[in-house]
Amino acid sequence: MQAPQFWQNPPDRPGIAARLLAPLAALWRWMGRRRLRKGPWNKVPVPVICVGNINMGGTGKTPTVIALAARLGDRGLKVHVVSRGHGGSLTGPVRVDPAHHDASQVGDEPLLIAAFCDTWVARDRHAGAAAAVEAGADVILLDDGFQNPTLFKDISITVVDAVAGFGNGRVFPAGPLRELPGEGLARTDLLLVIGGRRSRRRFIESLQGGSHPPIVEAVLKPLETGMSWKGQKVLAFAGIGRPEKFFATLRGLGAEVVHAQALSDHQPLTTALMKRLETEALLRRAQLVTTEKDAVRLPADFRLAVATLPVRLEVQDWAPIDAAIEQLGI
């Protein structure tokens, strides 16, 4: 199921549905604020850098974690990522092993991140961080968990998609937000804005007049794999927060998207679903293609039949992030 259209209405025109859902949104907000006040905000003996968001999802968190892990690794640091493992059956703390775990056990995002650095799945994030420290971590990247009070964060980086912004500015279920922007940004050390130059400019201009943390700009760029997409007929499918971003990227590379199948975030790629997509692709003489995050959920029989378009985060200026890291003394 895709996000309701009214979530992206202008803040000054939220729509009838958002107004009707306002009481439930108020309850959600109250529960979230109460949880944050309660704590316990446990600390671990190494720095914790949280990569989170105010939106429900689809902001570019996973590519940000991968980029930060590489940046910290270049400093000679042993980076460990701790994730809740959304959609996985294991509660942890479990160190993700791509050779032995699959997405149904640890979640798709941790399985993808584990290809780049040590990654842990833990429903109890403090327990996961403690396990990472015990295993030799110099620094912990917390994948999501910005609104989770069980673990103290030394740096909180909030990621936002420049096109989607904060939608109608309302809290779930009246809108796409986990908390109000002003409340979330007040706890944020760096605001990472991802998107094309014009989209970033528009979003940043929308923040003028309000209080916000230092802004870092970035863009997601397709990774060169040697495959030419220009003129290629593709049947694209994606189960990420904003599937339309993936489809737009393919079109921008010159691919002919004969069908774009948007799936819900983390949706299981069952054999039945994949057979249906494969049949449609054969009839249309198109190549099946998906994202890196979706690819780790593919049934084994379909992994060779589906092409993958990986993307990487390109940060315009690392200076604010580097300065924040240096203040941690690592």
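The values are calculated or read from the model by the stated rules, or taken from the named source; none is laboratory data. The shown structure was predicted, so the numbers you read here are calculated from the model rather than taken from an experiment. Using ideal geometry, Cβ is built from the backbone for each residue, glycine included, and neighbour counts are taken over all protein chains shown.
Please work out if residue 317 is exposed (fewer than 14 other Cβ atoms within 10 Å of the Cβ) and in contact with a helix residue (DSSP H, G or I) (Cβ under 8 Å, 6 or more places away or on another chain).
Taking the combined requirement at face value, the residue does not satisfy it.
Please indicate, with yes or no, whether at least one residue in segment 296-319 is under 30 Å from residue 47 (Cα atoms), assigned to a helix (DSSP H, G or I) and modelled with pLDDT of 95 or more.
Scanning segment 296-319 turns up at least one residue that is under 30 Å from residue 47 (Cα atoms), assigned to a helix (DSSP H, G or I) and modelled with pLDDT of 95 or more.
Considering every residue within segment 282-293, establish whether at least one is buried (at least 20 other Cβ atoms within 10 Å of the Cβ), outside the structural domain of residue 63 (by TED's automatic domain parsing), of a type in the set (Ser, Thr, Tyr) and out of contact with any His (no Cβ under 9 Å at 6 or more places or on another chain).
yes
Return yes or no: is residue 35 charged (D, E, K, R), surrounded by fewer than 22 Cβ atoms within 10 Å (Cβ to Cβ) and either in contact with a Cys (Cβ under 6 Å, 6 or more places away or on another chain) or under 20 Å from residue 311 (Cβ atoms) (or both)?
no
Quick one: is residue 276 without any contact (Cβ under 8 Å) to a residue 40 or more places away in the chain, closer than 19 Å to residue 110 by Cβ and out of contact with any Lys or Arg (no Cβ under 6 Å at 6 or more places or on another chain)?
The answer is no for residue 276.
Checking residue 150 against (1) closer than 30 Å to residue 23 by Cα; (2) without any contact (Cβ under 8 Å) to a residue 40 or more places away in the chain; (3) touching an Asp or Glu at 6+ places or on another chain (Cβ under 8 Å), which test does it fail?
Unmet for residue 150, out of (1) closer than 30 Å to residue 23 by Cα; (2) without any contact (Cβ under 8 Å) to a residue 40 or more places away in the chain; (3) touching an Asp or Glu at 6+ places or on another chain (Cβ under 8 Å): (2).
Select, from 57, 32, the only residue that is in contact with an Asp or Glu (Cβ under 6 Å, 6 or more places away or on another chain) and outside the structural domain of residue 133 (by TED's automatic domain parsing).
32
Sort out which residues of segment 191-212 are in a loop (DSSP other than H, G, I, E, B) and either touching an Asp or Glu at 6+ places or on another chain (Cβ under 6 Å) or within 26 Å of residue 252 (Cα to Cα) (or both), and write them in order of number.
Within segment 191-212, 195, 196 qualify.
What pairs come up if the first residue lies in segment 222-248 and is on the phi > 0 side of the Ramachandran plot, the second is surrounded by 14 or more Cβ atoms within 10 Å (Cβ to Cβ), and their beta carbons are under 6 Å apart, counting only those six or more places apart or on different chains?
Pairs found: none.
Residue by residue through segment 1-39, note down the ones that are assigned to a loop (DSSP other than H, G, I, E, B) and of a type in the set (A, V, I, L, M, F, W, C).
Of everything in segment 1-39, those that are assigned to a loop (DSSP other than H, G, I, E, B) and of a type in the set (A, V, I, L, M, F, W, C) turn out to be 1, 3, 21.
Please find, within segment 80-102, the residue that is farthest from residue 47 (Cα to Cα) out of those that are aliphatic (A, V, I, L, M) and buried (at least 24 other Cβ atoms within 10 Å of the Cβ).
96
Given the conditions (1) part of a loop (DSSP other than H, G, I, E, B); (2) crowded, with 17+ Cβ neighbours inside 10 Å; (3) without any contact (Cβ under 8 Å) to a residue 40 or more places away in the chain; (4) small (Gly, Ala, Ser), and given that residue 175 satisfies all but one, which numbered condition is not satisfied?
Exception for residue 175: condition (3).
Given the structure, is residue 188 part of a loop (DSSP other than H, G, I, E, B), modelled with pLDDT under 95, touching a Pro at 6+ places or on another chain (Cβ under 8 Å) and not basic (Lys, Arg)?
No: the conditions fail for residue 188.
Working carefully through the options 273, 288, find the one that is modelled with pLDDT of 95 or more, over 22 Å from residue 4 (Cα atoms) and not in a strand (DSSP E or B).
Among 273, 288, only 273 is modelled with pLDDT of 95 or more, over 22 Å from residue 4 (Cα atoms) and not in a strand (DSSP E or B).
Within segment 79-164, considering only strands (runs of 3 or more DSSP E) that don't extend past its boundaries, which have at least 3 residues that are modelled with pLDDT under 95 and within 18 Å of the chain's Cα centre (by Cα)?
Fully inside segment 79-164 and qualifying: nothing.
For the structure I just gave you, tell me whether residue 215 is modelled with pLDDT of 95 or more, surrounded by fewer than 18 Cβ atoms within 10 Å (Cβ to Cβ), over 26 Å from residue 42 (Cβ atoms) and not basic (Lys, Arg).
The answer is yes for residue 215.
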